[in-house]
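The values are calculated or read from the model by the stated rules, or taken from the named source; none is laboratory data. Owing to the predicted nature of the structure, the values given are computational and were not obtained by experimental measurement. Counting neighbours? That spans all protein chains shown, and the Cβs are built from the backbone with ideal geometry, glycine included. Surface areas here come from the heavy atoms of the whole protein model, side chains and all, with no ligands, DNA or RNA. Shrake-Rupley method; radii C 1.70, N 1.55, O 1.52, S 1.80 Å.
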Amino acid sequence: MNKVVDNVEKACAGIENGMTIMLGGFGLCGIPENSISQLVKLGTKELTCISNNAGVDDFGLGLLLQNRQIKKMISSYVGENDEFERQMLSGELEVDLIPQGSLAERCRAGGAGIPAFFTPAGYGTEVAEGKEVRVFNGKPHILESALTADYAIVKAWKGDTAGNLIFKGTARNFNPMMAMAGKVTIAEVEHLVPTGELDPNQIHIAGIFVQHIFQGTGYEKRIEQRTVRQKS
Amino acid sequence: MALDKNQIARRIAQELQHGWYVNLGIGIPTLVANFIPEGIEVEFQSENGILGMGPFPFEGEEDADLINAGKQTITAMKGAAYFDSATSFAMIRGQHVQLTVLGAMEVSENGDIANWKIPGKMVKGMGGAMDLVASADNIIVAMMHANKKGESKLLSNCSLPLTGVGCVKKVVTNLAVMEIVEGGGFKLLERAPGVSVEEIQAATEGKLIIKGEIPEMVL
């Protein structure tokens, strides 16, 4: 089945004000750069964004924040972004902070048809407020619900025209489970290839989870913390 | 002499056992990887999706697609594996990781830990810390004994919003190694070289349990 769209404009054409959007990535690693730029261009507003982080001030989701396009962020870690902190403390931005493993599992559950699950993470903390607690094997757990989204936007290294995806290194992170949890999933890829070129044994996410795929362009792939060692 | 950050890391590295999978948090915990004892093989897990994390890359060899949970560029060891975030936390919650080392702003005598939020001041989020502390059997906290204002970080009760309850097993600070005992209390196991029991007592707000002679750490 051919899932290819010509470009990012066509891929993002259905995204409307007020929608809930999942965006893959950890920090700036594995983020859908092309689609974020397109959302900035479109000026789509009142978005609820589900993403592990919120980018930095001038890159990634930080661009949407600067443009005041995000109403609510659902994330696990939002440090290193001054504009985010300012909007959160001033009350302009709603923020739901949830443990990283719970965020990943909530997306996975959403895509897998599991409405909720119990996890030990967050028991006894603010995260547990208002949530059902149940003891399993002598240990308290809290009930977390699944997350889904109107759109999930993911970034892969390679993809084929059927929407099968392969990720590279730690750029995989949240991309696979978000691809599963989107009602519509857009995949932007560094290398788009014809079907038959990817080894089915190596595919990380099957095309069934992807509705639109396009060849991305001009990836900056910015590094947030460049750490190196000297050759001795 | 109180320990410096590298010495704290060196002391924690003595806790490593052959064959363990280990998750190191940001800050002092990251330094533990530099002091793996001779003859011991461990593998480092970083919760953003790598098992078999190696040292920082050589200059010019950084890869934007290869970072750790602190968003730093890293390398992968031979035999490394990449995986998604759900699988990563399956390793953590499923107790496939034998040791978690993380920093803290406060630890209480019953093993509660606070390290993610200062109300009204700092709200960066918990990242993976809540999943890690709620799940790991073996949690060591690496931190300074006092905060920048000189106040004890080892308390009878945490004052900051909690990351997890009753989960910390051991605390290694610049002054001492302590174990959190059933029923509550920091049991003093070792002193930093040249630091007296009295100094440690004075720097500890929570209940410090002192039984018999307390040996100096051997670094």
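Can you tell me which residues in the stretch B:24-49 are in contact with a helix residue (DSSP H, G or I) (Cβ under 6 Å, 6 or more places away or on another chain), part of a helix (DSSP H, G or I) and among the aliphatic types (A, V, I, L, M)?
Across the stretch B:24-49, the qualifying residues are B:ILE28, B:LEU31, B:VAL32.
Please indicate, with yes or no, whether at least one residue in the stretch B:9-22 is within 13 Å of A:GLY169 (Cβ to Cβ), more than 9 Å from chain A (Cβ to nearest Cβ), surrounded by fewer than 16 Cβ atoms within 10 Å (Cβ to Cβ) and modelled with pLDDT of 95 or more.
no
Looking only at the stretch B:193-212, count every residue that is in a helix (DSSP H, G or I) and of a type in the set (A, V, I, L, M, F, W, C) and tell me the total.
Qualifying residue count for the region: 4.
Which is farther than 24 Å from A:ILE223 by Cβ, part of a loop (DSSP other than H, G, I, E, B) and at pLDDT 95 or above, of B:VAL101, B:VAL97, B:VAL107?
Just a single option satisfies the conditions, and that option is B:VAL97.
Looking at B:GLU61, is it part of a loop (DSSP other than H, G, I, E, B) and within 13 Å of another protein chain (Cβ to nearest Cβ)?
Spelling it out, B:GLU61 is indeed part of a loop (DSSP other than H, G, I, E, B) and within 13 Å of another protein chain (Cβ to nearest Cβ).
Report yes if some residue within the stretch A:33-52 is within 11 Å of chain B (Cβ to nearest Cβ) and among the aliphatic types (A, V, I, L, M); otherwise report no.
No, the conditions are met nowhere in the stretch A:33-52.
Looking only at the stretch B:151-168, which residues are open to solvent by 60 Å² or more (accessible area, probe 1.4 Å) and either within 13 Å of chain A (Cβ to nearest Cβ) or not polar (S, T, N, Q) (or both)?
Passing the criteria: B:GLU151, B:ASN157.
List the pairs whose first member sits in the stretch B:180-206 and is free of Cβ contacts under 8 Å to residues at least 12 places away in the same chain, whose second member is surrounded by 16 or more Cβ atoms within 10 Å (Cβ to Cβ), and whose Cβ atoms are under 8 Å apart, counting only residues at least 6 apart or on separate chains?
That search, which allows pairs on different chains as well, returns B:GLN201/B:LEU208.
So which of A:ALA179, A:ALA146, A:ALA162, A:ALA152 ends up being under 11 Å from the mean Cα position of the chain (by Cα) and over 30 Å from B:MET77 (Cα atoms)?
Numbers: A:ALA179 fails: over 30 Å from B:MET77 (Cα atoms); A:ALA146 fails: under 11 Å from the mean Cα position of the chain (by Cα); A:ALA162 fails: under 11 Å from the mean Cα position of the chain (by Cα).
Going through A:ALA179, A:ALA146, A:ALA162, A:ALA152 in turn, the sole match is A:ALA152.
Restricting to the stretch B:133-150, and then to whatever is within 12 Å of chain A (Cβ to nearest Cβ) and open to solvent by 10 Å² or more (accessible area, probe 1.4 Å), can you tell me which residue is nearest to B:GLY94 (Cα to Cα)? I'd like the intermediate steps shown before the answer.
Pass one, the stretch B:133-150, residues within 12 Å of chain A (Cβ to nearest Cβ): B:133-137.
From what's left, open to solvent by 10 Å² or more (accessible area, probe 1.4 Å): B:134, B:136-137.
On the way: B:ALA134: 11, B:ALA136: 9, B:ASP137: 10 Å.
Across the stretch B:133-150, the extreme among qualifying residues is B:ALA136.
Among the residues of the stretch A:1-59, count how many are without any contact (Cβ under 8 Å) to a residue 40 or more places away in the chain, on the phi < 0 side of the Ramachandran plot, of a type in the set (Gly, Ala, Ser) and open to solvent by less than 50 Å² (accessible area, probe 1.4 Å).
Counting residues in the stretch A:1-59 that are without any contact (Cβ under 8 Å) to a residue 40 or more places away in the chain, on the phi < 0 side of the Ramachandran plot, of a type in the set (Gly, Ala, Ser) and open to solvent by less than 50 Å² (accessible area, probe 1.4 Å) gives 1.
Failed condition for A:ILE208, given (1) open to solvent by 30 Å² or more (accessible area, probe 1.4 Å); (2) closer than 20 Å to B:ASN48 by Cβ, with all others met?
Tallying (1) open to solvent by 30 Å² or more (accessible area, probe 1.4 Å); (2) closer than 20 Å to B:ASN48 by Cβ, A:ILE208 fails exactly one: (2).
Quick one: A:MET177 ticks every box in (1) touching a strand residue (DSSP E or B) at 6+ places or on another chain (Cβ under 8 Å); (2) within 11 Å of another protein chain (Cβ to nearest Cβ); (3) open to solvent by less than 10 Å² (accessible area, probe 1.4 Å) bar one, so which box is it?
If we test A:MET177 against (1) touching a strand residue (DSSP E or B) at 6+ places or on another chain (Cβ under 8 Å); (2) within 11 Å of another protein chain (Cβ to nearest Cβ); (3) open to solvent by less than 10 Å² (accessible area, probe 1.4 Å), just (1) comes out false.
Which of (1) open to solvent by 10 Å² or more (accessible area, probe 1.4 Å); (2) under 15 Å from the mean Cα position of the chain (by Cα); (3) hydrophobic (A, V, I, L, M, F, W, C) does A:MET88 not meet, given it meets every other one?
(2)
Could you say which residue among A:THR148, A:THR185 is open to solvent by 50 Å² or more (accessible area, probe 1.4 Å), more than 8 Å from chain B (Cβ to nearest Cβ), in contact with a helix residue (DSSP H, G or I) (Cβ under 6 Å, 6 or more places away or on another chain) and not basic (Lys, Arg)?
A:THR148 is the lone residue from the list that is open to solvent by 50 Å² or more (accessible area, probe 1.4 Å), more than 8 Å from chain B (Cβ to nearest Cβ), in contact with a helix residue (DSSP H, G or I) (Cβ under 6 Å, 6 or more places away or on another chain) and not basic (Lys, Arg).
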